[in-house]
Amino acid sequence: METTLMDATVQALIIYGVAAVIGILVALLISGLSRLLRIFLKNH
Amino acid sequence: MTFQNILDIFQGLTTLLDSFAHAPAVAWMRIALIFLGMLLVYLGKKGTLEPLLMIPMGLAMCAVNAGVLFLDPTTANHIVQGSAPLADPAAQQHLADLAAAGKMHGTLFMSPLVEKPDSLIGLMQIDYLQPIFNLAFSNNLIACLVFMGIGVLLDIGFVLARPFLSITMALFCELGTIAIFPIAIALGFLPGEAAAIALVGGADGPMVLFGALKMAPKLLVPITIIAYLYLGLVYGGYPYLIRALIPEKLRAIKLPPRPAVKITSGEKLAFAVVACTVLCLLFPSAAPLFFSLFLGVAIRESGLKFFSNLIENVFLYGATIFLGVLLGVMCEAATILDPKVVMLLVLGVLSLLISGVGGIIGGYCAYLFSGRKINPVIGIAGVSCVPSTAKVAQKEVSKANPHAIVLPEALGANISGVITTAIITGIYISLIQPAH
């Protein structure tokens, strides 16, 4: 099936949206991990 | 002995004259590519383009376009029968006739389009780069080794110090990798091809190579060549983009004093392990890339000096020289004459331009949301050409204000760019059907 310009634009926006969500999750993961690790290292 | 026989001693010249008689475009392109190869060597030596890649690539372009000969029928048959047949049956028959008569042009470097196993095994005994191409390039091993080397060189402490700023900047810099996809579709490219050329906007060579192999194997050669040629443009062209879009007053902004954030190697290692596992879980199709990058990071942060030295000094440089040579060898006249290549050239440069503009928009957002404290030039460093764009950002800021230091923030955005480009590559590979 041929991909139209509209389909491709929607797909691109979805891809960007998913990438943005995962990017923010990675940032959250980084800051959360850092804090957890600091607490862990303090207690051990 | 006739004059024709004497000329047959110098088959590079004979094939060139033969091309002038039967396919002048190919002959002129061979000459143009020889000169382009020389130019790349010159620009590499001068430092305008990346010498590690451009010197082997330029020389290989000269050699492969000069060293064309009439292939013997056995070698020519391996190529004709081992490659996918041409769309035009008459052209295919003509090629088969030339091969049988020992009149087909070719080189003794490699034949990237051969797919059938028995022909491949035959060619591996003849073409000296064929084993490297099939056993290390077309399965992404070289791209992954380069990525592992990048991992060893990266200090992810810059990302960990300011994760949100770094990742946000990097996401803005993905604008080109997203915007070019529908534009390429509108120009008639298949979805896989459109996604592969869009990835040039990420300015990450191994990623483009990986994406093209997975999604557009038939356009692998031109897309990869364009991607690596354009990486030089990032260094040469982005300073003009920065100066055009950011006034000197803003370029001179000195960042407020940073709080002393000490990131331990344990934290960096923990991040590498968790991020690698999570990203591989989310995007198994790009798992080799994530694993290679984070393996490099993990080795660096574990203090495994012997491994670090091995990867940095042997694997990375070894992979880079073969990458340069293979890219150069793939620049054969017939490949570059594909009409799609012109469109790919335009789309590639457009993708990098949009990514750069996106980064500057991100920089302006950071500037406004931080109460006009963050230098907007940092934004462009999110384009993941490590560490070129970070260095470009610092250089432009230093020109406007020699006391302003943005390199740590720029490197954070730069390294995040590698991660976000890998994420987008993973999403594209997972969603888009390969173009065969």
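The values are calculated or read from the model by the stated rules, or taken from the named source; none is laboratory data. Note that this is a predicted model, so its numbers are computed, not measured. Backbone-built Cβ (ideal geometry, glycine too); neighbour counts: all protein chains shown. Calculation scope for accessible area: heavy atoms of the full protein, side chains included, ligands and nucleic acids excluded. Shrake-Rupley method; radii C 1.70, N 1.55, O 1.52, S 1.80 Å.
Laid out as a table, the results:
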item: Verdict on B:GLY106 being in contact with a His (Cβ under 7 Å, 6 or more places away or on another chain) and crowded, with 17+ Cβ neighbours inside 10 Å; result: no
item: Selection within region B:340-379 - closer than 18 Å to B:PHE164 by Cβ and crowded, with 20+ Cβ neighbours inside 10 Å; result: B:GLY358, B:GLY359, B:GLY362, B:GLY363, B:ALA366, B:TYR367, B:ILE374, B:ASN375, B:PRO376, B:ILE378, B:GLY379
item: Boolean, B:ILE336 is surrounded by 20 or more Cβ atoms within 10 Å (Cβ to Cβ) and out of contact with any Lys or Arg (no Cβ under 9 Å at 6 or more places or on another chain); result: yes
item: Qualifying residue in region B:254-268 (condition: touching a residue at least 60 places away in the same chain (Cβ under 8 Å), in a helix (DSSP H, G or I), assigned by TED's automatic domain parsing to the domain that holds B:LYS391 and touching a helix residue (DSSP H, G or I) at 6+ places or on another chain (Cβ under 6 Å)); result: yes
item: Residue selected from region B:194-253 under the condition among the hydroxyl-bearing types (Ser, Thr, Tyr) and touching a helix residue (DSSP H, G or I) at 6+ places or on another chain (Cβ under 6 Å), by the criterion nearest to B:SER355 (Cα to Cα); result: B:TYR238
item: Residue within region B:216-225 that is of a type outside the set (Lys, Arg), closer than 26 Å to B:ILE378 by Cα and crowded, with 20+ Cβ neighbours inside 10 Å present; result: no
item: Residue ID - nearest to the other protein chains (Cβ to nearest Cβ), chosen from residues in region A:1-20 that are assigned to a helix (DSSP H, G or I) and open to solvent by 90 Å² or more (accessible area, probe 1.4 Å); result: A:LEU5
item: Subset of region B:266-301 that is open to solvent by less than 60 Å² (accessible area, probe 1.4 Å) and among the polar types (S, T, N, Q) - its residue that is nearest to A:ARG35 (Cα to Cα); result: B:SER292
item: Qualifying positions in region B:152-175 - of a type in the set (Gly, Ala, Ser) and surrounded by fewer than 24 Cβ atoms within 10 Å (Cβ to Cβ); result: B:GLY157, B:ALA161
item: Filter result for the condition that a residue is closer than 28 Å to B:MET124 by Cβ and in a helix (DSSP H, G or I), over B:ALA60, B:ALA27; result: B:ALA60
item: Qualifying residue in region B:53-60 (condition: touching a strand residue (DSSP E or B) at 6+ places or on another chain (Cβ under 6 Å) and open to solvent by less than 20 Å² (accessible area, probe 1.4 Å)); result: no
item: Residue match in region B:236-251 (condition: more than 11 Å from chain A (Cβ to nearest Cβ), assigned to a helix (DSSP H, G or I), buried (at least 24 other Cβ atoms within 10 Å of the Cβ) and among the β-branched types (Val, Ile, Thr)); result: yes
item: Flag for B:VAL342 being in a helix (DSSP H, G or I) and under 22 Å from B:LEU187 (Cα atoms); result: yes
item: For B:PRO402: the one exception among (1) open to solvent by 10 Å² or more (accessible area, probe 1.4 Å); (2) touching a Leu at 6+ places or on another chain (Cβ under 9 Å); (3) part of a loop (DSSP other than H, G, I, E, B); result: (2)
item: Residue count, region B:32-49 (criterion: part of a loop (DSSP other than H, G, I, E, B) and surrounded by 21 or more Cβ atoms within 10 Å (Cβ to Cβ)); result: 1
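Results for (1) part of a helix (DSSP H, G or I); (2) polar (S, T, N, Q); (3) modelled with pLDDT of 90 or more, shown as yes or no for each residue.
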| site | (1), (2), (3) |
| --- | --- |
| B:SER111 | no, yes, no |
| B:ILE121 | yes, no, yes |
| B:ASP127 | no, no, yes |
| B:LEU135 | yes, no, yes |
| B:ASN139 | no, yes, no |
| B:ALA143 | yes, no, no |
| B:GLY149 | yes, no, yes |
| B:ASP155 | no, no, no |
| B:PHE158 | yes, no, no |
